[in-house]
Amino acid sequence: MNKPKILVARAIFAEITARLEQYFEVESNPLDEIWTKAQLIEKLQGKRGVFTTGGERIDADVLAACPQLEICANMAVGYNNFDVQAMTFRGVQATNAPDVLTETTADFGFALLMATARRVTESEHFLRAGRWTKWSYDMFAGSDIHGSTLGILGMGRIGQGIAKRGAHGFGMTVIYHNRSRLSTELEAQCKASYVSKEKLLKTADHVMLVVPYSAESHHTIGAAELALMKPTATLVNIARGGIVDDLALAVALKEKRIAAAGLDVFEGEPRVHPDLLTVPNVVLTPHIASATLPTRMAMANLAADNLIAVLTGKAPLTPLNTVSKRAVAQ
Ligand code: GLV
């Protein structure tokens, strides 16, 4: 029997391609080209599954042009590259890669917070530029993490991991805001108190963004929200580009209306707003919060597991939608 055809839209681990090849006829992208929508549609012809890595947009047009598609498996927990509603409408299974990256991403949230509050990259640039000629009492004085107030916007699994690190590891007072309040038991585990978004922004010494991106969360932090924050506060975004209005943030950083920011994600990435590149009080990293080899391998394996399950007639491991059978005739 012919193996089902699938497309792996970006370069991935050779081990994962080899695993997929046991089940499927795989077209892959070893040169890691970024395909246009038209190219993606062309490559998807005749494919029953696609392995995406978070950046490839699968929307209603793509689905309409690729009626044989049965599953879109994202190697990312975020899935704002998928139009899940359109997938459900067409009977296409959508899956993401949650859980396996939670602790690694929470670790990175802390790495970025510490680097930002303690001015790690700014001081390293100073040193590398040969400008360190003497010690001085206030050189790169930053703000403390221990004993400070951490405000987490978005209290899903990653937010909770960050809360635990802050509360239990660094003795921080943790406050959070989320669409829905956590159970009393989870709040106790995270040692976190629920507050309004406004109170969080006004009170926190460090604000950490971990909300998923959607039309509703677009520019969750803009000029008005930045104006509520303390002038000594730091802002860290490990969620998605577009959650923060990057231009408004660059202005606030330049005018020292907040002390510093740490950003792993950007509006329109991999482009970075040029104004963010010129302000010193921001730490910039290229969307690497989940980037350890074991975690990336686990994410890739989970996406592969989802493809294998669905295309061999089993239930997906981490579904984003419920599809009965193919709702739309091919
Ligand atoms: C990374 O940003 C992810 O959503 O997994």
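Computed from the coordinates by the stated procedures, all read-outs in this text should not be read as laboratory data. Note that this is a predicted model, so its numbers are computed, not measured. When we count neighbours, we look across all protein chains shown, and the Cβ atoms used for this are built from the backbone with ideal geometry, even at glycine.
Which pairs in the list Lys3/Lys314; Lys199/Lys230; Lys164/Lys197; Lys3/Lys37 are over 23 Å apart, alpha-carbon to alpha-carbon?
Lys3/Lys37
Sort the following peptides by mean Cβ neighbour count (other Cβ atoms within 10 Å, averaged over residues), highest first: 228-235, 158-165.
Per-residue Cβ counts within 10 Å, averaged per peptide and sorted highest first, yield 158-165, 228-235.
Given that compact globular proteins tend to follow 2.2 N^0.38 Å, what is the ratio of the alpha-carbon Rg of region 213-294 to that value?
Normalised by 2.2 N^0.38 Å, the Cα Rg of region 213-294 equals 1.05.
Could you grab the relative contact order for the chain? Cα pairs under 8 Å, six or more apart, rounded to a whole percent.
19 percent
Could you state the principal axis extents of the C-alpha atoms in the chain, from the largest down, to the nearest angstrom?
74, 50, 33
Apply the Karplus curve 6.51 cos²θ - 1.76 cosθ + 1.60, θ = phi - 60°, to the phi angles in region 266-283 and return the couplings in whole Hz, x for Gly and Pro.
With the stated coefficients, region 266-283 comes to 9, 5, x, 4, x, 6, 10, 3, x, 5, 6, 6, 9, 8, x, 8, 9, 9 Hz.
From Cα pairs below 8 angstrom and at least 6 apart in sequence, can you work out the relative contact order of region 102-284, rounded to a whole percent?
After rounding, I find 21 percent.
Note down the magnitude of the dipole of the chain about its Cα centre, charges +1 on Lys and Arg C-beta and -1 on Asp and Glu C-beta and zero elsewhere, to the nearest 20 debye.
Here the size comes out at about 340 debye.
For every helix of n ≥ 4 consecutive DSSP H residues, a contribution of -39,500 (n - 2.57) applies; sum these over the chain, divide by its total residues, and give [θ] at 222 nm rounded to the nearest 500 deg cm²/dmol.
Calculated from helices alone, the mean residue ellipticity at 222 nm is -9500 deg cm²/dmol.
Taking θ as phi - 60°, what are the ³J(HN,Hα) couplings along region 251-265 by the Karplus curve (6.51, -1.76, 1.60), each to the nearest whole Hz, with x for Gly and Pro?
With the stated coefficients, region 251-265 comes to 5, 4, 5, 5, 8, 6, 6, 10, 6, 6, 9, x, 10, 10, 9 Hz.
Under a plain spin-label model, where a point goes 7 Å from the Cα along Cα-to-Cβ, how far apart in nm are Ala215 and Thr232?
4.2 nm
Quote to one decimal, in nm, the extra length available between Leu247 and Ala141 on full extension: 0.36 nm per residue of separation minus the C-alpha distance between them.
Additional length available on full extension: 35.6 nm.
Given the options Asn96, Phe266, Ser193, identify the residue whose Cα lies farthest towards the positive end of the charge dipole of the chain (+1 on Cβ of Lys, Arg; -1 on Cβ of Asp, Glu).
About the Cα centre, the residue reaching furthest to the positive side is Ser193.
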